[in-house]
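Okay, structure first, notes after.
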Amino acid sequence: MEDRHVSLSDDEVRERFSAFHDGELSPDEAKVVRGRLAESPQLAAEFEAFERVMGGLASLASHGSHDGPAPTPRTQSLPPDPKSAAESSAKSGKEPGDAKREPAATPPSEQSGRHSVLPEDEAVDLLPDLQKTIHKRSGGKFYKTRASRVIGTRPIEVVAAVTLVLLVLVYVMMSYVSGLRPAEAPPSGAVQTGR
Amino acid sequence: MLELDDSVPDEEWVSQLSPEEEARLVERLKKRDEAAFSQFVLVYQQRVYSLLARMLGNREEAKDVAQDVFLTVFKNIDSFRGDSKLSTWLYRVAVNHCKNKIKYLDRRNTRKHDVIDDTREGAVSDGGVIGGRPARPDEAAQGNELEQAVRTALASLDEEHRQLIVLRDLEGLAYEEIVTITGLPDGTVKSRLHRARAALKEAIEKGVGWKIAT
């Protein structure tokens, strides 16, 4: 392999801090930058300062990702398309969804959950307003039934069914409680009158 | 009926979609499948909001723009040709909306830039852990101070610089994705990102009144 010697001035090294940090320099250039940082305390200090800034950014970016799942108020998975799920499971011999759980071949910098998430109190739920807006703007074509919307993490039908079951239970319990009361004895006078 | 699967993580699920799976999702979105769109929103709303909040520096504006972004996706999903990942296209839509909003607010001179404070107790580089050990209180305080300084400095950068830092360093996007989102050539993205980071460092030093040194 050709050992090409690259020489860089201090300013040229500074210009490369960013690319060096990102691992974007060619191996030759990276070697030269590393060498210059080793021999110049001034450049090394400047690069360290640069790295501290990058550390501050990484710290901002990692908020949320270290503390569990994103603070989203609902279950977040796309509904399986029955046709495609059947096709893919037939093809791969796996259950639908298995592929989703396999580790991704992402570069190391992207495996550390470097997406930004605001804290829990900043969780947004845009869906209800979006559904209403789409319903309105489409002249009622989309999201036309309330059943097509979701409440919390459950479809509205489930909420309605649970409510109905609860009402029936309350009714049954009330009937049972009233059935336990001892029947009042008829007044003795009335019995005699009847005879 | 909407089927929900509690066992599958959200963003991870989508980021790991194979090209075929993503194509099927896009197909369903193009058919205006309400359930698919609802779940698409649920998966991406936090990321889109977070990106916009950091770029606009204002939570309320970010929420409004995020709504517009998803409305645009619902309306214009047919224009997605599959040249890039769906998430990249979504980011591009978000960034374009964001630029328009900034122009609009600048024209009206009504732009407010809150410094979004998402500092939480114990939040220091690497989640309160330094070199594999818990951070000492002084280190944690120093880390929080730096984080706050970074946040303030980021808010003071010009739009172009902030956009690149948010996309690359906060959202963790790859250079190719940033090229697609911004429409800038690869070399330009790299050189501008370098200038943006240098400007951020300078703004931090100016803002906190000390040289960043160890």
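The values are calculated or read from the model by the stated rules, or taken from the named source; none is laboratory data. The structure displayed is predicted, hence computed values, not measured ones. Counting neighbours? That spans all protein chains shown, and the Cβs are built from the backbone with ideal geometry, glycine included.
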* Look at the stretch B:193-207 and say how many of its residues are in contact with a His (Cβ under 9 Å, 6 or more places away or on another chain) and either surrounded by fewer than 17 Cβ atoms within 10 Å (Cβ to Cβ) or of a type in the set (A, V, I, L, M, F, W, C) (or both). => 5
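Against the condition within 12 Å of another protein chain (Cβ to nearest Cβ), modelled with pLDDT of 75 or more and not in a loop (DSSP other than H, G, I, E, B), how does B:Ile181 come out, does it pass?
Values: within 12 Å of another protein chain (Cβ to nearest Cβ): no; modelled with pLDDT of 75 or more: yes; not in a loop (DSSP other than H, G, I, E, B): yes.
It is false that B:Ile181 is within 12 Å of another protein chain (Cβ to nearest Cβ), modelled with pLDDT of 75 or more and not in a loop (DSSP other than H, G, I, E, B).
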* To do: Output the qualifying pairs, or none if there are none: Cβ atoms under 7 angstrom, residues six or more apart or on different chains, first residue in the stretch A:123-143 and at positive phi, second residue assigned to a helix (DSSP H, G or I).
  => A:Tyr143/A:Gln131; A:Tyr143/A:Ile134; A:Tyr143/A:His135; A:Tyr143/B:Glu34
* So which residues in the stretch B:34-67 are over 10 Å from the mean Cα position of the chain (by Cα), of a type in the set (S, T, N, Q) and part of a helix (DSSP H, G or I)? -> B:Ser38, B:Gln39, B:Gln45, B:Gln67
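One residue is enough: does the stretch A:72-82 have a residue meeting the conditions at pLDDT 50 or above and outside any helix (DSSP H, G or I)? Show your work before the answer.
Within the stretch A:72-82, the first condition is being at pLDDT 50 or above, and the residues that meet it are A:80-81.
Cutting the leftovers down to outside any helix (DSSP H, G or I) gives us A:80-81.
Yes, because at least one residue in the stretch A:72-82 is at pLDDT 50 or above and outside any helix (DSSP H, G or I).
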* Among residues belonging to the stretch A:9-54 that are closer than 22 Å to B:Tyr175 by Cβ and among the hydroxyl-bearing types (Ser, Thr, Tyr), point out the one that is surrounded by the fewest Cβ atoms within 10 Å (Cβ to Cβ). => A:Ser26
* To do: Identify all residues within the stretch B:20-39 that are free of Cβ contacts under 8 Å to residues at least 60 places away in the same chain and more than 7 Å from chain A (Cβ to nearest Cβ); write none if there are none.
  => B:Glu20, B:Glu21, B:Ala23, B:Glu27, B:Leu29, B:Lys30, B:Lys31, B:Asp33, B:Phe37
